[in-house]
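See structure below.
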Amino acid sequence: DTAVSQTPKYLVTQMGNDKSIKCEQNLGHDTMYWYKQDSKKFLKIMFSYNNKELIINETVPNRFSPKSPDKAHLNLHINSLELGDSAVYFCASRSGGSDEQFFGPGTRLTVL
Amino acid sequence: AQSVTQLGSHVSVSEGALVLLRCNYSSSVPPYLFWYVQYPNQGLQLLLKYTSAATLVKGINGFEAEFKKSETSFHLTKPSAHMSDAAEYFCAAFSGGYNKLIFGAGTRLAVHP
């Protein structure tokens with residue numbers, strides 16, 4: 001039983017394409033996050049949703065658009081992909097009464 | 001703004017030796033602090049956390065960390081390294097009201113026989 005799952009695990013695509021990454025958590029958490037890990041392993045938050053409402057929106061190009069259809073899902077859509085978007089994207093979730101975030105296995109995006 | 005600094009991007013120890021990974025935070029108010037481990041091609045796993053209770057925190061896999069307010073530090077230690085400890089380690093702190101994690105740059109731990 002995977003707590004936080006992401007699909008796909010690997011994504012290779014051409015510049016200019018549009019792609020989506022999906023995240024699902026079965027922990028009953030009400031807050032979900034997207035983080036980006038660059039080639040130097042540096043991790044930075046991108047977005048957070050609480051009960052389907054956007055609560056954190058860091059300085060991210062508007063080509064990135066998160067969507068939360070329900071509390072258990074937080075998807076990330078990326079338009080007009082650029083070389084610099086190549087990274088590992090991690091989804092995480094947290095219960096409202098806890099300070100611990102649970103991370104998914106990551107999606108490695110490679111833009112050619 | 002909150003920031004987390006990890007001194008040493010690479011640390012190499014012998015199996016059985018002491019592991020010491022350094023983390024310093026910048027904040028006028030002691031934040032919640034975390035250590036995460038990332039094994040190759042995997043996600044992040046929580047090792048331990050400090051949430052203003054005991055200053056010496058014990059985590060999984062024999063790791064522990066001590067919160068020192070006077071030094072604004074939260075260094076991670078393990079008395080005896082094991083080959084399976086080889087991984088990337090991240091120190092992180094909460095920032096803001098929505099539990100936004102601010103990560104350090106990470107320290108890669110190598111363990112050699």
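The values are calculated or read from the model by the stated rules, or taken from the named source; none is laboratory data. It should be emphasised that the depicted structure is a prediction, and the values quoted were computed from it without experimental measurement. As a convention, Cβ positions derive from the backbone with ideal geometry for all residues, glycine included, and neighbour counts pool all protein chains shown.
As for the range B:74-97, it holds at least one residue that is more than 25 Å from residue A:88 (Cα to Cα), at pLDDT below 90 and not in a strand (DSSP E or B). Checked against the criterion of being surrounded by fewer than 16 Cβ atoms within 10 Å (Cβ to Cβ) and within 14 Å of chain A (Cβ to nearest Cβ), the candidates B:87, B:93, B:53 yield just one match: B:53. Does residue A:65 fit the bill of being within 11 Å of the chain's Cα centre (by Cα) and facing chain B (nearest Cβ under 10 Å)? In short, no. Counting the residues of the range B:8-44 that are in contact (Cβ under 8 Å) with a residue 12 or more places away in the chain, facing chain A (nearest Cβ under 10 Å) and surrounded by fewer than 16 Cβ atoms within 10 Å (Cβ to Cβ) gives 1.
Go through the residues of the range A:45-53 one by one and say whether even a single one is loosely packed, with under 13 Cβ neighbours inside 10 Å and within 13 Å of chain B (Cβ to nearest Cβ). Yes - at least one qualifying residue is present in the range A:45-53. Taken over the range A:66-86, the criterion of being crowded, with 19+ Cβ neighbours inside 10 Å and at positive phi is satisfied by no residue.
Annotation note: of A:90, A:42, the sole residue that is within 17 Å of residue B:43 (Cβ to Cβ) and surrounded by fewer than 18 Cβ atoms within 10 Å (Cβ to Cβ) is A:42.
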